[in-house]
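Data first, discussion second: the structure below is written as structure tokens.
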Amino acid sequence: MICHMPIELTNFGMGENILEQNYVGCPNAHLVHRECLKRWIIHSQNCPVCHEKYDIKIIQIFEEYVAQKEADKERSKQQKQDSQRKTLDQPEQIDPEFEEKFNRAENLAKQQNFEAAMNIYWDILEQNKYPKDDGKTLRVVLHLGLAYYKMGKYAQCIRQLMKIIKIDYNYPLVFYFLGLTYEQLEMADKTKWAMERAKINAEKLSSKNDKYTKYLADIKKRLK
């Protein structure tokens, strides 16, 4: 963000109006272009060379710009979340090939043939037929994680569940299964954190669908 191009010092002087300068100096006289500092100060109010904090007068010059950039960042984040939520809320389009493979994997998992089930899950994912935030992809990743859980491969299970959380923080029961996994690893603090998140999630879900009530009851029991 800070370039190494020359700085125009024709009118250099301590008494010069800061607003008329094309450069800015820190308390230790390290000079940078104003435009460079404009981009830098979004991330830090300290000099990029010596890390000394800039004078309040210099910081105030960029206050409006920083506030605008923060607002833009928050707006962009919200738009992304809204877009993901809209995508996830849309009913899934039926794909006969997907349903056949997924159901075949589920039947194998029910028979405790987890290795064969996982081969099908990975085959679906490696085809890259659906976007990462598509409901089908998330469903496969969840069941892949659950297969790892049932095989006692908890680290791999956590890895898959965290992929879902990074895409959809409110995905149904993902925190519940994450909490169960941490519980198996005897990681009390992380179990509590995951189950508290799961409780919030299950309360919202159970208010719309009774099938989540049993999960909510189990979560409360485990937290207690």
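The calculated 222 nm mean residue ellipticity attributable to helices in the chain amounts to -20000 deg cm²/dmol, summing -39500 (n - 2.57) over DSSP H runs of n ≥ 4 and dividing by all residues. Legend note: in the chain, cysteines whose Cβ sits 4.7 Å or more from every other cysteine Cβ are C3, C36, C50, C157.
What does the charge count near V174 come to, summing +1 for each Lys or Arg and -1 for each Asp or Glu among other residues with Cβ under 12 Å from its Cβ?
On the way: positive: R139, K163, K166, R197; negative: D168.
Result for the local shell: +3.
For an R0 of 25 angstrom, estimate the FRET efficiency from the Cβ-Cβ distance between A116 and D218 and round to the nearest 0.05. The partial results should precede the final answer.
Details: r = 29 Å, r/R0 = 1.17.
With R0 = 25 Å, the Cβ-Cβ based efficiency is 0.30.
The long axis of helix 188-206 is offset from the longest Cα principal axis of the chain by roughly 70 degrees. Sorting the segments 116-127, 65-76 by their residues' average number of neighbouring beta-carbon atoms within 10 angstrom, most packed first, yields 116-127, 65-76. When the Gaussian network model of the chain links Cα atoms closer than 10 Å, the mean-square fluctuations of P96, P27, P172 top out at P27. Among the listed pairs K73/K132; K132/K199; K101/K129; K110/K166; K80/K132; K73/K129, a Cα-Cα separation exceeding 20 Å is found for K73/K132; K132/K199; K110/K166; K73/K129.
A short reminder: the numbers here are calculations on the coordinates, not readings from a lab. Small disclaimer: the values here were computed from a predicted structure and weren't measured. Note that each Cβ is placed from the backbone with ideal geometry, even for glycine, and that neighbours are counted across all protein chains shown.
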